[in-house]
Amino acid sequence: MSIQLSGASLPEFAVIRYPGLVKDVNKMLCTLGGVTKVSQALEGDTKRLELRYHYENPFNKSVYGEINKRAGLLLSIKVRRSKKDRSKPPQYKVDILGCTNTGFTFESMCDFQYLPLLPDNENKRELKMMMHSIMPQSVIDLDFFNRTEVPLITVPTVFARYDNVHNNIFRGDFSKEDGQHEVLGVCQKSSYENRDIVPFSTVDSFPARPDPQIIKRMKVKYVSDEQFEKVKKLFEECPVWTRIALLYESGISNDKLKCIIPSMAYYFSTGPWRTMYVRYGYDPRKDFSSRYYQTFDFRLRFRSGIAEFVSDRKTSIKKRQKNPYEINTLVQDIDYPYFDEHKLPRSRQCILRYCDIRMPKIQEMLEKIPSPLAGATCNERTGWLPSGFDSQVRQIVCNVIKDLLKNHYRKEHIHAELESCENTGQEAEDDDGAVSDEGGPDDFMNDDNIEEILDDMQIEADEIN
């Protein structure tokens, strides 16, 4: 027998899977920070619920409970057994008290902690909490500061960097040909990405050739000659690339490209070409045309309706995975590495080269930069570009985005006005049998009336500004 219940009529509860045996509810709430902290966590002000077993001890390490969405029912089950006749089967009474949608679970480790413990003077086998010896009891506790014998207790802040268990495989370097020595306890992770990460310098030299071991490791990943030649051709055409541009132009998967790039280019971690992959043997400090490949870091603030269309990269990828056929023509594709003036940026933060900004005005500004004198070197911060050039480009891009948003909302306003007039004309036709002489939808859809709407919207926008 199945019974359908309506969740709207049931009271809603939240589940806290407390990692301990609760004997006193009040003390349990104190370890969670009180009702206020629990309410803040449930309302979404904080993402995690903090648990301190010794809430009066500042050295006690907190355990955090993660919020999760799980549907459930809170049941009250009563079992009645006959005292006279033990052979009778028990009777069960089940009552539904409410439903649950959210809860907190504590899955992190909490048993490794540093606490101020010292052997007891009376019983050396027992440890005693020495809070009174290392912390004053009040602000005016002068006896605490006048003591001569103070126990030496230096308690570290944390026992471990991570609260969750990680499966790491520790091993030494299996090859000795590259000059590296085997070190006990070294966990090799992302050996391809960590090759030739170079900080920018105006004095030091840059790598001229890759490590020979990288070519050998490429065979392990089954990189084909065709994929290798595609990336090689791109670096021959242009010496500096972003990772997303290489993915877009080559059409190779990220796993394969991650193995190929270290064999052709080094990576700048700082400087004017930050986060760029530069071909081995190419020195952007000696080439004035490398100004086109300098890093342009553009970031959006979520204001003026931009949050409705543009989000961070991870959120955009999740949205595309959920709705792969939903396409917004106003925003650039998340994998598109360039910036066009007719669409909004692909994400909240975009790392571009200046040549990736496909706007004639900005490219003309780059072209008009005067050539440096003989023997001149690039600046450590601005490269070959003059001071304040990035701010000018950023302002131009922001103005383009504002114009795109204004035009978009104007079109929406016009469509809404047209739909309302069409509905009004249809109602008048239904009531009177014909459209009145004052004009219907066809009379409204002309250039003069559309221009009037645009003018009215411009006046409203000016008043708001």
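Over the stretch 1-121, Cα pairs under 8 Å with separation of 6+ residues give a relative contact order of 31 percent.
Using a Förster radius of 45 Å, what is the FRET efficiency between residue 377 and residue 105 based on their Cβ-Cβ separation? Nearest 0.05, please. It comes to 0.20. Estimated from the Cβ-Cβ distance and a Förster radius of 41 angstrom, the FRET efficiency linking residue 29 and residue 85 is about 0.40.
The chymotrypsin sites (Phe, Trp or Tyr not before Pro) of the stretch 32-140 meeting both criteria, a DSSP state outside H, G, I, E and B (loop) and at most 11 other C-beta atoms within 10 angstrom of the site's C-beta, are 112. Within the stretch 35-95, the GluC sites (Glu not before Pro) that combine a DSSP coil assignment with at most 14 other C-beta atoms in a 10 angstrom radius are 56. Shown are 350, 30, whose ranking by accessible area with a 1.4 Å probe and every protein chain present, most to least, is 30, 350. Accessible surface comparison of 377, 105, probe 1.4 Å, protein chains only, largest first: the order is 377, 105.
Quote the FRET efficiency, to the nearest 0.05, computed for residue 391 versus residue 18 with a Förster distance R0 of 41 Å and r equal to the Cβ-Cβ distance. Once rounded, the FRET efficiency stands at 0.15. Which of 23/83; 27/61; 37/128; 361/402; 368/402; 233/258 have a Cα-Cα distance over 20 Å? Flagged as over cut-off: 23/83; 37/128; 368/402.
Rounded to the nearest Hz, the phi-derived 3J(HN,Hα) couplings of the stretch 368-380 under the Karplus curve 6.51 cos²θ - 1.76 cosθ + 1.60 (θ = phi - 60°) are 7, 5, x, 5, x, 6, 5, x, 6, 10, 6, 7, 5, where x marks glycine and proline. All other residues whose Cβ lies under 13 angstrom from that of residue 137 are scored, Lys and Arg at +1 and Asp and Glu at -1, for a net of -2. The overall shape of the stretch 7-122 is oblate: from the C-alpha gyration tensor, with semi-axes ordered a ≥ b ≥ c, the ratio a/c is 1.5 or greater and a/b is no larger than b/c. Taking a virtual spin label 7 Å from the Cα of residue 342 along the C-beta vector, which residues in the stretch 350-392 bring their backbone nitrogen under 14 Å of it? Within reach of a label on residue 342: 358-360. Look at the Cα gyration tensor of the stretch 73-146: its axes a ≥ b ≥ c give a/c of at least 1.5 with a/b over b/c, and that counts as prolate.
Rounded, prolate or oblate: which fits the stretch 34-89 when a ≥ b ≥ c are the square roots of the eigenvalues of the alpha-carbon gyration tensor, with rounded for a/c under 1.5 and prolate only if a/b beats b/c? Prolate, because a/c is 1.5 or more and a/b exceeds b/c.
The values are calculated or read from the model by the stated rules, or taken from the named source; none is laboratory data. What you see is a predicted model, and the numbers here were worked out from it, not measured in a lab. Cβ coordinates were reconstructed from backbone atoms using ideal geometry, including for glycine residues, and neighbour counts include every protein chain displayed. For accessibility, only protein heavy atoms count, side chains too; no ligands or nucleic acids. Shrake-Rupley method; radii C 1.70, N 1.55, O 1.52, S 1.80 Å.
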